[in-house]
Amino acid sequence: MIYFDNSATTAIYPQALHTYTQVSQRIIGNPSSLHDLGNQSNRLLQQSRQQIADTLSVQPTEIAFTSGGTEGDNWVLKGTALAKKAYGNHLIISSIEHPAVSETAAQLSELGFEVSVAPVDGQGFVDVDALSALIRKETILVSVMAVNNEIGSIQPIKAIAAVLEEYPTIHFHVDAVQAITKVPQEEWMPTRVDFATFSAHKFHGPRGVGFIYWKKGRKLAPLLTGGGQESNQRSGTENVPAIAAMAKALRLAAEQKAERPKHVQLLKQYLLEALASYEKVTVFSGSDGFAPHILCFSLKGIRGEVLVHAFEEKQIYISTTSACSSRKKMASSTLHAMQVPNDLATSAVRISLDESNTMAEVEQFLIVFHQLYQKFSKIN
């Protein structure tokens, strides 16, 4: 079995799984309880928060736990809208955001907020000048992802941050789900960033848990109210086993950050050059300015889901761009934003690599691809 769908989810590290099971069995107290079992659970919760903060070089009070990337994006956008509605009602997002951002913005639009969409160029990079021109006095938030989940383009976060230095009251949110442990942090979290969203299962942690970075001094209304957990900002009993496992996974992934991208980039470059040599293949993910782990391409005349299932028969697993839209058979929203013709957009598939993948797997993928290419060419 060859797993090339790591941007959809990653396999949990054995060490992180061990942490999860051990904490589940041994740390049974509710971290809000006053007795010793509660104190024990709370200590582990705060240790995990500290460990994550240390990895990102931020303060532990700037880390708030969530159920994952979708909740984090919803919280920052809706929380900003509620907290700052007295000051403005205008939000800016890019045209290639994950649905957790774009659909949340659409919902806020229905509630009376105004949403502007910054365009991207033909390679999938946000047009910074166009985004800057959208800012007005009512603008309360700018949200741009760090790494596009479909084609892997690394967005010009530092350039956008420079623009927003002139607008200190605007919240700057970065969806960093696909960036953490894959792209150097300085590329997507300059000091001007106020909020960033993360999800554990993208860096070999458990599913259903994540966190946001929340810069000290910024205001955000709670999305979930109730028992007052997370300093009264995110109610609900904390999932301590998952949080501890997430902290372990992030530490392990961070320890490999020097060598990991080099290995993955080598695999991607080999794939890219091989696929680009085929006449009917269009590659959308380049080398410069793109994350090392994501490669998106189209095979002309073959719908993406057909190619995905053809590879699946050979026990090779890839996806049709975003996992969140693949079951809905939606064409790539990113490619449409890039003005890619519909026939190519509906043919797009995504390979997403990880440090556990090998050159032998890449070679096997290319052997199977060549067989499929010849088969589909005859059919066409």
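The values are calculated or read from the model by the stated rules, or taken from the named source; none is laboratory data. This one's a predicted model, so the numbers in the text were calculated from it and none came from an experiment. So basically every Cβ, Gly included, is an ideal-geometry build from the backbone, and we count neighbours across all protein chains shown. Ligands, DNA and RNA are stripped out before the accessible areas are found, and what is left, the full protein with its side chains, is counted by its heavy atoms. Shrake-Rupley method; radii C 1.70, N 1.55, O 1.52, S 1.80 Å.
Which ones in the stretch 51-73 are surrounded by 19 or more Cβ atoms within 10 Å (Cβ to Cβ), assigned to a helix (DSSP H, G or I) and small (Gly, Ala, Ser)?
Listed by number, the residues that qualify are Gly69, Gly72.
Considering only residues that are open to solvent by less than 50 Å² (accessible area, probe 1.4 Å), touching a residue at least 60 places away in the same chain (Cβ under 8 Å) and in contact with a Pro (Cβ under 8 Å, 6 or more places away or on another chain), which ones fall in the stretch 23-43?
Once the filter is applied, which keeps residues that are open to solvent by less than 50 Å² (accessible area, probe 1.4 Å), touching a residue at least 60 places away in the same chain (Cβ under 8 Å) and in contact with a Pro (Cβ under 8 Å, 6 or more places away or on another chain), the stretch 23-43 yields Val23, Ile27, Ser41.
Check off (1) surrounded by fewer than 16 Cβ atoms within 10 Å (Cβ to Cβ); (2) touching a Ser or Thr at 6+ places or on another chain (Cβ under 8 Å); (3) more than 24 Å from Ala11 (Cα to Cα) for Ala276 and give me the number that stays unchecked.
For Ala276, the failing item is (2).
Please enumerate the residues belonging to the stretch 288-307 that are closer than 19 Å to Val147 by Cβ and either open to solvent by 40 Å² or more (accessible area, probe 1.4 Å) or hydrophobic (A, V, I, L, M, F, W, C) (or both).
Listed by number, the residues that qualify are Asp288, Phe290, Ala291, Ile294, Leu295, Cys296, Phe297.
Mind counting the residues in the stretch 117-155 that are within 20 Å of Lys84 (Cα to Cα), under 16 Å from the mean Cα position of the chain (by Cα) and of a type in the set (Asp, Glu)?
0
Could you list all residues from the stretch 164-191 that are closer than 17 Å to Leu91 by Cβ, open to solvent by less than 20 Å² (accessible area, probe 1.4 Å) and either part of a loop (DSSP other than H, G, I, E, B) or among the polar types (S, T, N, Q) (or both)?
If the condition is that a residue be closer than 17 Å to Leu91 by Cβ, open to solvent by less than 20 Å² (accessible area, probe 1.4 Å) and either part of a loop (DSSP other than H, G, I, E, B) or among the polar types (S, T, N, Q) (or both), then Ile170 is the only one that fits.
Could you tell me whether the stretch 251-270 includes any residue that is open to solvent by less than 50 Å² (accessible area, probe 1.4 Å) and aromatic (Phe, Trp, Tyr)?
So far as the stretch 251-270 goes, no, none of its residues is open to solvent by less than 50 Å² (accessible area, probe 1.4 Å) and aromatic (Phe, Trp, Tyr).
Give me the pairs, please: first residue somewhere in the stretch 123-134 and open to solvent by 40 Å² or more (accessible area, probe 1.4 Å), second residue anywhere and charged (D, E, K, R), beta-carbon distance under 9 Å, and either six or more positions apart or on two chains.
Asp127/Asp121
Is it true that some residue in the stretch 235-246 is among the acidic types (Asp, Glu) and open to solvent by 50 Å² or more (accessible area, probe 1.4 Å)?
Step one: list which residues in the stretch 235-246 are among the acidic types (Asp, Glu), which gives 238.
If we keep only those that are open to solvent by 50 Å² or more (accessible area, probe 1.4 Å) as well, we get none.
No - not one qualifying residue is present in the stretch 235-246.
Quick one: how many residues across the stretch 74-116 are over 19 Å from the mean Cα position of the chain (by Cα) and either assigned to a strand (DSSP E or B) or not acidic (Asp, Glu) (or both)?
Here is the first cut: in the stretch 74-116, the residues over 19 Å from the mean Cα position of the chain (by Cα) are 79-91, 106-116.
Still in the running and either assigned to a strand (DSSP E or B) or not acidic (Asp, Glu) (or both): 79-91, 106-109, 111-116.
Going through the stretch 74-116 one residue at a time, the tally reaches 23.
If I go through the stretch 235-260 residue by residue, how many of them are basic (Lys, Arg) and at pLDDT 95 or above?
Going through the stretch 235-260 one residue at a time, the tally reaches 2.
Can you tell me which of Gly210, Gly227 is open to solvent by 60 Å² or more (accessible area, probe 1.4 Å) and touching a residue at least 40 places away in the same chain (Cβ under 8 Å)?
Gly227
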